[in-house]
Amino acid sequence: MPNSNFSPFTIEKHSFKTLLSGIKAEVPDLQRPFAWTEDQANDLCLDVLALVDELEKKPGSSPQHFIGSIVTISGLNRSRVIDGQQRMTTITLLLGLIGAAITELGEKITKAKIVPERKTELMVRVNGLNNEVDTMLWFTGFEVKELRFKPSPEIVQTYTSLIKGGDGRMVSETRAPAVSLRKIAKLFNQNLVKEKSRFDNLEDNHQIDHLQRLYVAVSECLIFVRVDTQSSTAGYQLFESLNATGKPLNAIDLLKVWMLATLDGSTQAQTVAQQFRELSNDDEDEARNFVIDYFRARTFTNAGKPTPKSLSVLLRAQLFLDPDVPESSRSVNAQRDGIEDRIASHVLTMTNWQPTWRQITSGTLPFALPAQALPFEKERFFELVKGSLKHTLPTPLFMQAAAHLSVEDFCKMVHLLERVFFRYKTICNAPVGELEKVYQATTRAIDTNKSVDLNLLATRLQELIDTHCPDELFKTNLHVKLMYPSGATRIKYFLSMLDLYEANPAPAKLALNALKFSIEHVDPQNPNDPHQISEDRLHTIGNLCLLTPPENTIAGNKMFTVKKQLLHNGRDCSAKLTQRVLAGSVWNDQEVDLRQAYLFEKALNIFTATIK
């Protein structure tokens, strides 16, 4: 009998047969995708096999195995399963596989050359068992036949195919949940439904016995407790509480629960749910990082390192302006009016921006361009985000910029940030928090004006350079940070950048880094003849140059005069700065010092906050 002491919930004990035959149920959009693996399915398999063995050894017995609770929100058409979807999905799948095996056996018996009376006797058993399984899985109404249980949306087609006896290979469902479901179906068939020692090479009657016991074990011996409520609010609150004990809900899950609870009954709920499914993916870290960067791009503040719960609250309070969050987290302009429209608007923007975010974080210029277009700009963006500098702090700024700026302005901004960041952080290790404030102000300006004032951005960045890394400090740190071999990556980047500005006009609009230069000592590290320069100058930037691998093969470890001869006084070199070195007549301490001074003066003009 229902227990009414826990209003607004009712609690009842069920076998799976009474549970499923009494309802039509579905997994609502707030649920995470199906996530069981073969490990969990194998545990269920062992539990069911134990029940089958007991039924075989003790005919007429009624063994029971408690398998957990099912929490539902009752509705007019379908109950929503808000806890227990993994077990519901997997057990109904097993029932479907049993039904498919019964159908297959019936077709075999129909074609068999056996005595008609015997065939009739067998088919009566097959049809009776088939009807029972069919009644559990399918609801038949007036001119309609539909699943009693609908799993989460991303596996519906795969699931339906499998319980109908298909292979579940659906072109439209290729992500991890569908792949896992197919693997579990294969495991069930091999280890349970058609397990060789219990099913193969047995007489038809014994095969029916096995499937009958398997059906009874699943439908009558697996015991659930169903907790049901008609209150959506109570159901969603219980959902959060229950999921706090198992695998924690991530920020995306918590945000989705709140959104769909807020939109419950709204005309926008289905659209938002579909868009949010597109935002979710199998990589929880990626989804979380995207949400944090979106938050920073729309609120112009740093989210820090929040927990999933605090991130969800932060997003609700500051992004969606939800007045129901705790007062300590609530935005001052939180408001209930228009909250549904705010949710729909942000989710649509998030859906549109996520592909761009993936391009940005992979170091790909976030514009649809021909493969041969903008080689210089593509290289600059990659070097800043993923290459030598690995500067991810401006990702929210780039999200706004990609949405509103022209390709030309976007690329000018990228190259500005690249040159400033190398000087400011890579070489001088200045406080990055100051840099973030400039990025945030620029992000806000783009969001407001749908454009950028590059000169204002350059002015703000130059103020940081003047304060934290003036010329003399920059040159001093260059000498320390560009010492070989510890600074090899910085050296290659530094010389490549200077080489771009050795062109006329500068910078050269080509991607020199794509040539994969190697660092070579002008006066070699291990010469056959005595060193031409002092030991303390050997690994300094003044004695280092760039050669392509073929050039290095020809001239590597050779004396300066031999290098000159082999590379025709530098005319055969790809790097212009290397050409300049090998065009000289001698190489000694004075030349090393002069070259270093030249490189540092050139760097002062390049690594500065000007629009190039």
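Read-outs throughout are calculated quantities, based only on the coordinates presented, and are distinct from any laboratory measurement. Not measured: the values here are computed from a predicted model. When we count neighbours, we look across all protein chains shown, and the Cβ atoms used for this are built from the backbone with ideal geometry, even at glycine.
Key figures for this structure:
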read-out	value
For the range 1-147, radius of gyration divided by Kirkwood radius, i.e. Rg to Rh on alpha-carbons	1.02
Value of relative contact order over the range 125-210, rounded to a whole percent, pairs C-alpha under 8 Å and six or more apart	18
Interchain or long-range residues, amide H under 5 Å from Trp138's placed H	Arg148
Debye log10 I(q)/I(0) for the range 202-356, one point scatterer per Cα, at q = 0.09 Å⁻¹	-0.40
The range 481-605 - percent relative contact order, Cα under 8 Å, separation 6 or more	25
Label point distance in nm, Thr459-Arg175, each placed 7 Å from Cα along Cα→Cβ	4.7
Segment Leu604-Asp324, length gained on full extension (0.36 nm per residue, minus Cα span)	95.5 nm
Where only C-alpha atoms are counted, convex hull volume of the range 303-381 per residue in Å³	132
Once the Cα gyration tensor of the chain is diagonalised, semi-axes √(5λ) in Å	67, 32, 19
Cα-based radius of gyration of the range 562-612 once divided by 2.2 N^0.38 Å, which approximates compact folds	1.37
Order of Lys386, Lys516 - criterion: other Cβ atoms within 10 Å of each residue's Cβ, fewest first	Lys516, Lys386
Residues Thr120 and Thr349, FRET efficiency given R0 of 56 Å [Cβ-Cβ distance, rounded to 0.05]	0.30
Relative contact order (%) - criterion: Cα under 8 Å, at least six apart; region: the range 375-469	34
Dipole of the chain [Lys/Arg +1, Asp/Glu -1 at C-beta], most positive-end residue of Phe560, Leu49, Ala344	Phe560
Residue order, fewest to most surrounding Cβ atoms within 10 angstrom, among Met136, Met123, Met559	Met123, Met559, Met136
Solvent-free Debye scattering, log10 I(q)/I(0), computed from the Cα coordinates of the range 91-216 at q = 0.13, 0.14 Å⁻¹	-0.57, -0.65
Unit charges on C-beta of K, R, D, E only; dipole of the chain, Debye	560
Cα long-axis angle, helix 395-404 against the chain (0 to 90 degrees, to the nearest 10)	90
Peptide ranges 310-317, 572-579, 346-353 listed from the most packed, as the mean C-beta count within 10 angstrom indicates	310-317, 572-579, 346-353
Any cysteine of the chain lacking a neighbouring Cys Cβ under 4.7 Å - listed by number	Cys45, Cys221, Cys411, Cys545, Cys573
Note, ³J(HN,Hα) from phi for the range 204-218, Karplus 6.51, -1.76, 1.60, rounded to Hz, x at Gly and Pro	3, 5, 6, 5, 5, 4, 4, 5, 5, 5, 5, 4, 5, 4, 6
Counting all C-alpha pairs of the range 375-469, share separated by more than 22 Å (%)	21
With Cα atoms, 0 to 90° folded angle of helix 176-188 axis to the chain main axis	40
Positive minus negative residues near Ile519 (Lys, Arg vs Asp, Glu; Cβ under 11 Å)	+1
Ranked list, fewest to most other Cβ atoms within 10 Å of each Cβ, for Thr467, Thr160	Thr467, Thr160
Rounded to 10°, Cα long-axis angle of helix 407-421 versus longest principal axis of the chain	70
Helical mean residue ellipticity (222 nm; -39500 (n - 2.57) per DSSP H run of 4+; nearest 500) of the chain	-17000 deg cm²/dmol
Placed amide H near Lys24: partners under 5 Å, 5+ positions off or other chain	Ser79
Computed magnitude of the charge dipole of the range 509-612 (debye, nearest 20; Cβ of K, R +1, Cβ of D, E -1)	620
Computed FRET value (nearest 0.05) for Phe66 with Thr103, which takes r as the C-beta separation and R₀ as 30 Å	0.45
More than 26 Å apart - percent of Cα-Cα pairs taken over the range 482-612	15
Asp43/Leu202 FRET efficiency (R0 30 Å; Cβ-Cβ; nearest 0.05)	0.70
Which of Asn526, Val225, Leu311, positive extreme of dipole for the chain (C-beta unit charges)	Asn526
